[in-house]
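Visitor: I'd like to ask you about the structure that follows.
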Amino acid sequence: MTAVRIAFLLSLISFGLQPAIAKAADSNSWQQAPSGVSQMAHGGVGLIQTPTARMAPAGDLSINYTDNEEYRLWSVSIQLFDWMESTVRYTDVRTRLYSDDPNFSGDQTLKDKGIDVKFRLLQESTYLPQVSVGFRDFGGTGFFESEFIALSKQWGNFDFHLGMGWGYLGNGANTSNPFCEIKDSFCDRPQGTLGRGGKISYTKFFKGPASLFGGVEYQTPWQPLRLKLEYEGNDYQNDRAGDLLQDSNWNIGAVYRWGNFNFDVNYQRGNTLGFGVHYAMNLHSATQLKIKPPLREIPQQLDSVKQITDRDALPRALYREAGFALLTSHMTDDEFVLYGQQVAYRDHDEAIERIGRILVTEVPANIKTYRIVTYSGNLPMVETVVHAEQFIAAARYDSLRSDITSTYVRQQPEPRTLGFTSMPAQSGFYTGAETFWIQTFGNPEAFYMYQGGVFANVGYRLNSSLSVNGTAKITLLENFDKFNFKVDNQATPLPRVRTYIREYVTGNTLSMENLYLQWQDQIAPDIYAQAYGGYLETMFGGVGGEMLYRPVDSDFAIGFDLNYVQQRSYENDFDFFDYKTFTGHVNVYWKPAFLPDTQLTFNIGQFLAKDKGVNVDFAKRFDSGIVVGAYAAITDVSSSDYGEGSFTKGFYLSIPFDLFSLRPSKGRGRLPWIPIARDGGQPLNRPATLIDATEQRSPFYD
């Protein structure tokens, strides 16, 4: 066993010295991963109870439910990059109650949250295995906390796996910890959790007992069926469900694939039957069949003396065929300028091509340049300058290498272009509506609680920059009436800026979400500003302002906001409590070149509870337009002062409405998951932000 252990450690060290994670795939790569990788019981690609080095295809999302005698596990695993897998999980411990107090949680069984992540260090090649390192349940209660290093190598229809685990995966201690032989501090694993739970227990990583684990998968001649055999290194003593009887370290299983579903059955520990159901989809390839007008054909002969006789024809065609709501237009001797809003097409390139094809057939052929000024509300966002002759040649496919995107450029709207014509009067009423869905998991009263309904918006625009806005919240569906306790009994020195949330959301079916006066304008090239005052969100009202510097198509934007607010009463829509504070941040938005389709946001400043720090938001966009994000707020509040969870963190899924519509559409919905929300690190939910208002300047979400 010693020789195996030393050889294993040497192989890990040599693999760890490989150049870079993202460069692991190269011309010598033999195979990225065998087809048919499947999820393990805890979520994430693996065998049954043990992980492997394998990764799912980039963009894969798997929703999992697995079940055995002691545990039920719900998990979602997402392959954010081809080298990074992340998993969030709830474990239902059947043998324990949520609380000993039946008035608090009834007979609900214990629920435990977990977060996992796995990184690929080396991609499989002809002679070398794939190597990954992973961290299970690394931020939370730590009941299933583990670290592992795994190797996988395919040979024909067989896929062999070998790994070493620490923590939960290493409880069996069937080998010595190789890191202990290097440094004594790795010999013992610290006990307990950091802070009040929710913190990353990095002081435990790769420490304490270790175990070797491994197994093999066999792809049968019948393509839907895969067989699994594994040897695990956990002894199931002092398990969260109690001391579990283990008659064997060997587990066997089978996986049957049917469309996007995987069904598995397994036999664990020599005495326990388990099963699972998994649904997988790819966030890159998710799409929806669209019913939309065909692209206009461009005739070989164009009318150079064409006159625009039907002034309604162009606005009608632009709206129907290109989703462009024309506000006004202007024509010179050789230029045609459009001013309006894109209301349907998320894809900017498709929108411009459709507009260009319409202009070619609707305006005189002597026009050399098309200028398309796109607005967001009252703000001019982007001017797209189209070279007509080049566009026509590309749209006709006169060349085998026709590229329509090379025939136009996006830029800051020029003062000359904006001065060609006066915009129509922009005063008057406007209305709108959007649905909302609030959800929370792992509550003592019920595992899943929800509230859904409609935000009804109404506003009056006084001029192009000044408006009055209001939103009514109409609750249509909820089970929040199950809340037994409105306010927790945790004693912390922080003011309760968010932990009265249950009081606010269990009020009237009809309530005032916000009511405020807003000024918003572009005050210089690439610089936008706004000021606002009134009832700003569910829990706070006050006054504030914001400025943002955001060049067109830049990967970087920066701004700041400053607000003076007072806490609203949850007893009625109009009164206030005594609590007042300043809150504001410097806001940095960055799309790093080394992380494709990713945006990092840093909000640095003072939060509602007067704590100071930074909120970091990570968002990954997939080809379908779906965005997966996570955030965490690190402030000067200690873990003990913050309370359960130690610091604010959360996850979200942003889905474009376009994926649910048969016709092109804009807009999106957001599904949040916040494990525990307390008072530290809480920002003001401003009713309008400049980064959202100027999204067209450098699109990420659309």
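The values are calculated or read from the model by the stated rules, or taken from the named source; none is laboratory data. These numbers were taken from a predicted model, which means no experiment stands behind them. Heads up, the Cβs are rebuilt from the backbone with ideal geometry, glycines too, and the neighbour counts pull from every protein chain shown.
Visitor: Residues to consider are TYR375, TYR370, TYR397; find the one that is free of Cβ contacts under 8 Å to residues at least 60 places away in the same chain and either touching a Cys at 6+ places or on another chain (Cβ under 9 Å) or more than 30 Å from ILE691 (Cβ to Cβ) (or both).
Guide: TYR397
Visitor: Going by the structure shown, is ARG269 surrounded by 15 or more Cβ atoms within 10 Å (Cβ to Cβ), free of Cβ contacts under 8 Å to residues at least 60 places away in the same chain, closer than 30 Å to THR175 by Cβ and basic (Lys, Arg)?
Guide: Here the answer is yes, as ARG269 does meet what is asked.
Visitor: Still on this structure: Can you confirm whether the range 252-268 contains a residue that is in contact with a Lys or Arg (Cβ under 9 Å, 6 or more places away or on another chain), part of a loop (DSSP other than H, G, I, E, B) and among the charged types (D, E, K, R)?
Guide: Checked the range 252-268: no residue is in contact with a Lys or Arg (Cβ under 9 Å, 6 or more places away or on another chain), part of a loop (DSSP other than H, G, I, E, B) and among the charged types (D, E, K, R).
Visitor: Need the failing condition index for ALA557 against (1) surrounded by fewer than 18 Cβ atoms within 10 Å (Cβ to Cβ); (2) under 28 Å from the mean Cα position of the chain (by Cα), just the number.
Guide: (1)
Visitor: Do any helices (runs of 4 or more DSSP H) lying entirely in the range 319-437 carry at least 1 residues that are within 30 Å of GLN288 (Cα to Cα) and among the basic types (Lys, Arg), and which ones are they?
Guide: 348-362
Visitor: A follow-up question, please. Regarding TYR202, is this residue aromatic (Phe, Trp, Tyr), at pLDDT below 95 and out of contact with any helix residue (DSSP H, G or I) (no Cβ under 8 Å at 6 or more places or on another chain)?
Guide: When the stated conditions are applied, TYR202 passes them.
Visitor: Would you check which residues across the range 146-163 are closer than 13 Å to ASN234 by Cα and either in contact with a helix residue (DSSP H, G or I) (Cβ under 6 Å, 6 or more places away or on another chain) or not assigned by TED's automatic domain parsing to the domain that holds VAL45 (or both) and list them?
Guide: Selection gives SER146, PHE148.
Visitor: Assess whether TYR345 counts as being under 24 Å from the mean Cα position of the chain (by Cα), hydroxyl-bearing (Ser, Thr, Tyr) and surrounded by 15 or more Cβ atoms within 10 Å (Cβ to Cβ).
Guide: On the way: under 24 Å from the mean Cα position of the chain (by Cα): yes; hydroxyl-bearing (Ser, Thr, Tyr): yes; surrounded by 15 or more Cβ atoms within 10 Å (Cβ to Cβ): yes.
The answer is yes for TYR345.
Visitor: Would it be correct to say that TYR448 is loosely packed, with under 13 Cβ neighbours inside 10 Å, in contact with a Ser or Thr (Cβ under 8 Å, 6 or more places away or on another chain) and closer than 28 Å to PHE657 by Cβ?
Guide: yes
Visitor: Can I ask one more? How many residues are surrounded by fewer than 17 Cβ atoms within 10 Å (Cβ to Cβ) and farther than 20 Å from ILE438 by Cβ when one looks only at the range 647-665?
Guide: Qualifying residue count, the range 647-665: 4.
Visitor: Does LEU494 meet the test of being of a type outside the set (Asp, Glu), closer than 30 Å to LEU110 by Cα and modelled with pLDDT of 85 or more?
Guide: Yes.
Visitor: Regarding GLY544, is this residue touching a strand residue (DSSP E or B) at 6+ places or on another chain (Cβ under 7 Å), closer than 27 Å to ILE527 by Cβ, buried (at least 17 other Cβ atoms within 10 Å of the Cβ) and in contact (Cβ under 8 Å) with a residue 12 or more places away in the chain?
Guide: yes
Visitor: Under 8 Å between Cβ atoms, at least 6 apart or on separate chains: pull out the pairs that start in the range 290-313 with a residue that is at pLDDT below 85 and end on any residue that is among the basic types (Lys, Arg).
Guide: Listed pairs, sorted by first residue: GLN300/ARG396.
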